[in-house]
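Worksheet: one structure, shown below.
Values in this text are rule-based calculations from the coordinates and carry no lab data. No experiment lies behind these values; they were computed from the predicted model shown. Counting neighbours? That spans all protein chains shown, and the Cβs are built from the backbone with ideal geometry, glycine included.
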Amino acid sequence: MVTKVLMEALSPTMEEGKLLTWLKQEGDEVTAGDVLAEVETDKAVMELQARGAGVLRRILAADGATVAVGSIVGIIADPDEEIPDLPTAGAPKEKPAAAPKQPAEPAAAPDAAPTSPPSPQPEVPAPAGGRVKASPLARRMASERGLDLSRVAGSGPGGRIVKRDVEGTEAAAPTAAGAYEDVELSQLRKTIAKRLVQSLGPIPHFFLTTEIDMERAADAREALNALGDGPKISFNDIVMKVVAAALRQHRACNAWWLDGKIRYFEDVHLSMAVAIPDGLITPVIRHADRKSLREIATEARQLAERARERKLTPEEYTGGTFSVSNLGMFDIEHFTAVINPPEAGIVAVGSIVERPVVADGELEVRKRMRLTMSCDHRVIDGATGAQFLQTVKRMLENPLALVW
Amino acid sequence: MSEPVFVEKLDPGRGEFYHKLLNQMLLVRRFEERAGEAYALGKIGGFCHLYIGQEAVAIGALNAIRPDDFVVTAYREHAHAIVHGVSSRAVMAELFGRRDGCSGGKGGSMHLFGVERNFLGGHGIVGAHLPLAAGAAFAAKYRKSDQIAICFFGEAAVNIGAFHETLNMAALWDLPIVFVCENNRYGMGTALERAAAVWDVYRRACSYDMAEETVDGMDVLAVHEATLSAVRRAREEQLPTLLEARTYRYMGHSMADPIHGHYRTKEELEEQKLKDPITRLVHQMRDGGLITDDELETMRATVDEEVADALDFAEQSPDPEPAALYTDVYHD
Amino acid sequence: MPTITYRDALNEALREEMERDPDVFLMGEEVGVYQGAYKVSRGLLETFGERRVVDTPISELGFAGIGVGAAMVGLRPVIEFMTWNFALLAIDQVVNSAAKMCYMSGGQLHVPIVFRGPGGAALQLAAQHSQAFESWYAHIPGLKVVAPATPYDAKGLLKTAIRDDNPVVFLEGEMLYNTKGEVPEGEFTIPLGEADVKREGTDVTLVCHSKTVATALKAADRLADEAGVSAEVLDLRSIRPLDVDAIMRSVTKTNRCVIVEEGWPFCGIGAQVVDEIQREAFDALDAPVLRVTGEDVPMPYNKNLERATKPNPDKVIAAVRRVAYLD
């Protein structure tokens, strides 16, 4: 008797399941109740049981395949019984574990019009074994344009990417130089994402606020500026330096949300919000984590000036991994900033205000500043964001921690 | 004409000439012996074909031509090169593959050249040099010069197509050339009787209506006489001759081949050595009172020195430069 | 400018060079009294006499060798093989004597000889009379190999070949002798080792020589009309030395290449060109280099079978469509 093995709904909300591992092979004898495979559902890893007895004659979904609930993934039958000829189900996905680190895109400069959010990607077949087929010319052209070949659909034989394919592809997403790691979404993540979007709008924001004692930072700033050699350091410069350093320790916040995956960056490129006559623009301080305070100060000033003069080039205002926005100069004590996609976080800096504070049981007047972090809940969870903010607070309250 | 030419008595007025012939034969003999030793010591590589026993042919024939005549031979050629003007130093250095060899170290034993002396090689493909010699004769005739060409080859070469084609055209066009067949009876290991339907090489000339002659190749004076008349025929009448010199080699076909064994007996070899051309001339000169023992000793000693000097020169000469690999592929 | 046949262009070249240099002479079967098996040497015996225009017996090896020997001592022979198929008999002289003499002698000798004659297929001459021998000779260091496609190239290149101090293998074509083209009056030569762009284009490079130049040009015309593809036709003219720079310039411009050659595919001339391109212009290629060659069979006698073995514009167009991803 032929028994079809189906992808069963192993949770009330499950719509598809990933076949992690087959525990029985083609040709094995099975009885009803035997565990055939492990399946990852939207909630957990479950066992798929045999509903009939016989020989597992065919496996129609390979290890790692994701199939819709109700798809036929195998056939149990008597050894000689005729069985229907069925195609394999589901597309084999890449390994569920984190994808291997990829070297940075050799992006000279992304192409025109990156201010718009990334346009929907064209249908790109997953490269088998990771190798992209492209003609030598196409490779060279893509490299020159900073195009990721894996984003380009090939029209040549066997899906080979050729010159006209590269010419026809605009540099869709902005690129950021530096190493990064793409992580495939697990089922759990997918579900969270979907739910949040359904209830909260495009990017599910949540907000974390901390109040920072800025006495020591103020003293340090005064001392540095009194040295006289170099640019004048502002509080914003210090905040940016600290945020960049903290991001190195909290890589989970230094990321992009890309459709279907999260990209964690090795390098920190800080987007700095600058108010311009009819709006706002965010020039990027690249490798902010590796720059000194004076370098940041100098660059911030230059970028801000150029921003106001509308002289920024696309390469200068795209590619950031995290943002800082400061309305302190407008006496705003606290505000919540909107995240710049595809970034996952932004810190809103308020003004420094002298407040009465209880310290060691004594009432004191101290300089205080409120930071509010907005997080994309799809990428950063409460605790993750909180830990990051805590590090920022610690560094600002103990400036020497920066060089520790 | 099929009776072998034979010279009995020496001419007392030509003592100097006989000394020259003897000296050259001794030089070639000694050179070949030392070359054989050097080969056995690994200083000479590849193929090395020794002329020992055949001296009478090269020395006898090449003393019947002019320096401006063209000489073309195959690969058993050290003697011809030395006699027709390439120094023994340059020949030995070439055998050693050194920069100062007559071909710059790039030819080796089989490709000796001395173009200034009209020694045109030095060729490795059996019979392939016959048309080259005929071409040189053709050029002499074309230019209306009275130069001739003389071409040496073994008896095994007379069965290859190039022999036939060349002799036909030489006779057809009346080319001023002497074809000297050094019949040493054996190809590598195949006796002439097993390779040729007709054993008298000279008889093939009639296929081309060409003058023919045969001579005792162990008798330098006989060879000389026979060559003189062939040369005269070429130079004065512009007609070719096929001259068969019957000779014998004491060594194997090349240093890599057995001296005797399967293809000939040791007894045969010993018997042939009794007709040694050097010994023969020495006897003739002694009998004619044209050389003393002292003079002979001196001559041998001088020859030894010259060959030792040539060996020394070859040892000292450096390897060609690595860049020589790429030179002279084309002539600029 | 006069329009003359390829045959007459060769005749003029021979005539001019024999007048210019008394050391130049012509030797081969039927070159004199018969006026040349393909009439290339028509009238030369009458003008220059028996000494300089020499009829030979059927002895390719012999007279090729005589030519080499004469060249070794300073004459400048032009040896005609009635067809290059027969030159196999003489190949020992071409390769072991002519090509290697300069090198073996340490530069003491050089061999200023030209071996010429028609090569490749004609019409229904069958297996033994239809082979293209470019690869055989192009393989040899010490030889130069030339294959002109037009009367202009034939004349200019033959003159240069005769003046060259090295052995030159000069490959003509029975099917080319009657073709016509403009050839200027007056003295001109064409250097060896220089290719010629016969038609400029931007989308694909067609590398060809000898008879396939016309094939490529026809294909180029049709490609422009039918597919909007602009093909550049690069006539190699010399096989050895090969004008690698010209090939690279063209392929770097068009990013695509199809080689059109008459010979058999295995180890043919195109194989060498492909090697050069993939080594030197790898990053310029948008597609693999394809070759249109003769079919890998001995030449059949039947007319239709023979036609099927030869390159033709249809085959070239199909190859171009593949490298341009039009199908």
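Among B:A170, B:V201, B:A140, which residue has its Cα furthest toward the positive end of the charge dipole of region B:66-216, with +1 on Lys/Arg Cβ and -1 on Asp/Glu Cβ?
Checking the options against the dipole of region B:66-216, the answer is B:A140.
Restricting to Cα pairs below 8 Å that are 6+ residues apart, what does the relative contact order work out to for chain B? Please round to a whole percent.
25 percent
Whose amide H sits under 5 Å from the amide H of C:C257, counting only residues 5 or more places off or on another chain, with H placed in the peptide plane?
Those lying under 5 Å, H to H, from C:C257 are C:T205, C:L290.
How do A:W404, C:W84 line up, fewest other C-beta atoms within 10 Å first?
The order, fewest Cβ neighbours first, is A:W404, C:W84.
Once you keep just the Cα pairs under 8 angstrom separated by 6 or more residues, what percentage relative contact order results for chain C?
Relative contact order here is 16 percent.
Taking the beta-carbon count within 10 Å as an exposure proxy, list C:V169, B:V83, A:V2 from fewest neighbours to most.
Exposure proxy ranking, most exposed first: A:V2, B:V83, C:V169.
Can you list the HN-Hα couplings for region B:322-332, worked out from phi with the Karplus curve (6.51, -1.76, 1.60; θ = phi - 60°), rounded to whole Hz and with x for Gly and Pro?
Per residue, the Karplus-derived 3J(HN,Hα) values read x, 5, 5, 3, 9, 8, 6, 6, 10, 9, 7 Hz.
Using Cα centres only, tell me the gap between region C:92-145 and region C:258-302 in whole Å.
Rounded to whole Å, the Cα centres lie 21 Å apart.
Whole Å is fine, so just give me how far the alpha carbon centre of region B:254-332 lies from that of region B:188-235.
24 Å
As a footprinting exposure proxy, order B:H129, A:H269, A:H287 by other Cβ within 10 Å, with the fewest listed first.
A:H287, A:H269, B:H129
How high is the relative contact order of region A:3-77, given as a whole-number percent (alpha carbon pairs under 8 Å, six or more residues apart)?
42 percent
From the Cα gyration tensor of chain C, with a ≥ b ≥ c the square roots of its eigenvalues, which class applies: rounded if a/c is under 1.5, or else prolate if a/b is larger than b/c, or else oblate?
The shape class here is prolate.
Determine the calculated [θ] at 222 nm for the protein assembly as shown from helices alone, applying -39500 (n - 2.57) to every DSSP H run no shorter than 4 residues and normalising by the residue count; nearest 500 deg cm²/dmol.
Working: 30 runs with 341 residues, N = 1063.
After summing the helix terms and dividing by residue count, I get -10000 deg cm²/dmol.
Quick one: putting +1 on the C-beta of Lys and Arg, -1 on the C-beta of Asp and Glu, what dipole do you get for region A:189-403 around its Cα centre, in Debye to the nearest 20? List each step's numbers first, then the result.
Working: 29 positive and 28 negative charges, 163 e Å.
Using Cβ point charges on Lys, Arg, Asp and Glu, region A:189-403 gives about 780 debye.
From other protein chains only, count the Cβ atoms within 10 Å of every residue's Cβ in C:164-171, then give the mean.
1
Convert each backbone phi in region C:186-200 into a coupling constant with the Karplus relation 6.51 cos²θ - 1.76 cosθ + 1.60 (shift: θ = phi - 60°), then list the ³J(HN,Hα) values in order as whole Hz, x for Gly and Pro.
Once rounded to whole Hz, the list reads x, 6, 7, 10, 10, x, 6, x, 10, 7, 9, 7, 7, 8, 7.
When a/c is below 1.5 the answer is rounded, else prolate if a/b is larger than b/c, else oblate, so apply that to region C:19-135 with a ≥ b ≥ c taken from the square roots of the Cα gyration tensor eigenvalues. Intermediate results must be reported in sequence, preceding the final value.
Working: a/c = 2.25, a/b = 1.13, b/c = 1.99.
Here region C:19-135 falls in the oblate category.
Please work out whether the protein assembly as shown counts as rounded, prolate or oblate from its C-alpha gyration tensor, where a ≥ b ≥ c are the square roots of the eigenvalues and a/c under 1.5 means rounded, while otherwise a/b larger than b/c means prolate and anything else oblate?
Prolate, because a/c is 1.5 or more and a/b exceeds b/c.
Can you give me the C-alpha center-to-center distance between region A:283-301 and region B:112-172, rounded to a whole angstrom?
For region A:283-301 versus region B:112-172, the Cα centre distance is 87 Å.
For peptide B:123-130, what's the mean number of Cβ atoms from other chains within 10 Å of each residue's Cβ? Could you put the intermediate results ahead of the total?
Numbers: counts 4, 3, 5, 0, 3, 7, 4, 5.
For this peptide, the per-residue mean of nearby foreign Cβ atoms is 4.
Mind checking which of C:M101, C:V204, C:L10 is farthest towards the positive end of chain C's charge dipole, using Cβ charges of +1 (Lys, Arg) and -1 (Asp, Glu) about the Cα centre?
C:V204
Take the residue pairs A:K291/A:K311; C:K155/C:K303; C:K198/C:K253; C:K253/C:K310 and return only those whose Cα atoms are more than 25 Å apart.
Checking Cα-Cα distances, C:K155/C:K303; C:K253/C:K310 exceed 25 Å.
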